[in-house]
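Trainee: One structure, as structure tokens, below. Some questions next.
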Amino acid sequence: MKNRIYRSIVFPFMLLLAGCGLGAPDSFMQMNRQYWESMDVKPSYKYEDAWQRVIYIITKKFELEMISKEDGYVRSAYGQSYFTEDIQNERYQIRIVAKFTPDRKKFEFKIESRMWDGKIWHNGSDVRVAANMRKDFLNSIGEVPVPVKKPLPAEQAAAPADSLQAQ
């Protein structure tokens with residue numbers, strides 16, 4: 001009887017806890033490989049100016065672990081999310097890795113996050129932090145692409161005015 005009560009109460013509760021995932025915020029996306037986001041640097045910016053802006057943006061939210069201006073590379077240490085409503089303990093950590101391409105015309109970054117489940121780290125990315133950083137970088141150094149107007153399907157099907165059309 002005692003064993004049956006245990007199984008009917010404790011076991012479903014344990015399954016419920018295991019089913020709740022890792023306890024990471026909704027913005028955490030578990031993945032084995034993080035992808036680089038890329039943007040063009042405004043042509044009017046010299047590398048020195050763009051580098052200073054990138055470092056300023058990153059250090060407002062992260063603590064730097066490695067920096068190489070000559071290589072155009074910067075990486076922060078893992079730390080807690082800067083969003084106050086996220087988990088405020090060492091189980092959920094985020095860092096940024098950023099670099100300029102060798103020709104200094106493009107800037108790339110990725111957000112790496114990880115969640116500790118008590119046994120192993122689960123790697124991934126934080127989409128909210130990535131979107132926030134993308135916005136900051138685009139507003140500061142990024143060249144916003146000019147949208148290309150795509151013809152409407154009706155315009156694609158219409159024959160040019162100077163072509164021969166069957167009657």
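Every number in this text was worked out from the coordinates using simple rules, so none of it is lab data. Just so we're clear, the structure is a prediction, and the values are computed from it rather than from any experiment. Every residue, glycine as well, gets a Cβ built from its backbone with ideal geometry; the counts of neighbours run over all protein chains shown.
Trainee: In which sequence would Trp116, Trp36, Trp51 go, from the one with the fewest C-beta neighbours within 10 Å to the one with the most?
Mentor: So the residues, fewest neighbours to most, are Trp36, Trp116, Trp51.
Trainee: Moving on. Place a +1 charge on the Cβ of each Lys and Arg in the stretch 38-80 and a -1 charge on the Cβ of each Asp and Glu, then give the dipole magnitude about the Cα centre in debye, rounded to the nearest 20.
Mentor: In debye, rounded to 20, the stretch 38-80 gives about 180.
Trainee: May I pose another question? Counting other beta carbons within 10 Å of each residue's own, what order do Val74, Val97 fall into, fewest first?
Mentor: Ordered by Cβ neighbours within 10 Å, fewest first: Val97, Val74.
Trainee: Now for a different question. Around Asp117, which amide H atoms from residues at least 5 apart in sequence, or from another chain, sit under 5 Å from its own amide H, with H modelled in the peptide plane?
Mentor: His122
Trainee: Short version: ³J(HN,Hα) in whole Hz for each residue of the stretch 102-108, in order, from phi by Karplus 6.51 cos²θ - 1.76 cosθ + 1.60 (θ = phi - 60°), x for Gly and Pro, what are they?
Mentor: My calculation for the stretch 102-108 gives x, 7, 6, 8, 10, 10, 10 Hz in order.
Trainee: Ok, one more. Relative contact order for the stretch 33-143: what percent, with Cα pairs under 8 Å and sequence separation of 6 or more?
Mentor: 30 percent
Trainee: Add +1 for every Lys or Arg and -1 for every Asp or Glu among the other residues with Cβ under 14 Å from the Cβ of Arg75, and state the total.
Mentor: 0
Trainee: When a/c reaches 1.5 or more, the comparison of a/b and b/c decides; with that in mind, is the stretch 33-143 rounded, prolate or oblate per its Cα gyration tensor?
Mentor: prolate
Trainee: For the pairs Lys60/Lys110; Lys99/Lys119; Lys42/Lys69; Lys46/Lys106, note any where the Cα-Cα span goes beyond 22 Å.
Mentor: Lys99/Lys119
Trainee: Take Ile58, Ile67, Ile96, Ile111 and order them by how many other Cβ atoms sit within 10 Å, fewest up front.
Mentor: The fewest-first ordering by Cβ neighbours comes to Ile67, Ile96, Ile58, Ile111.
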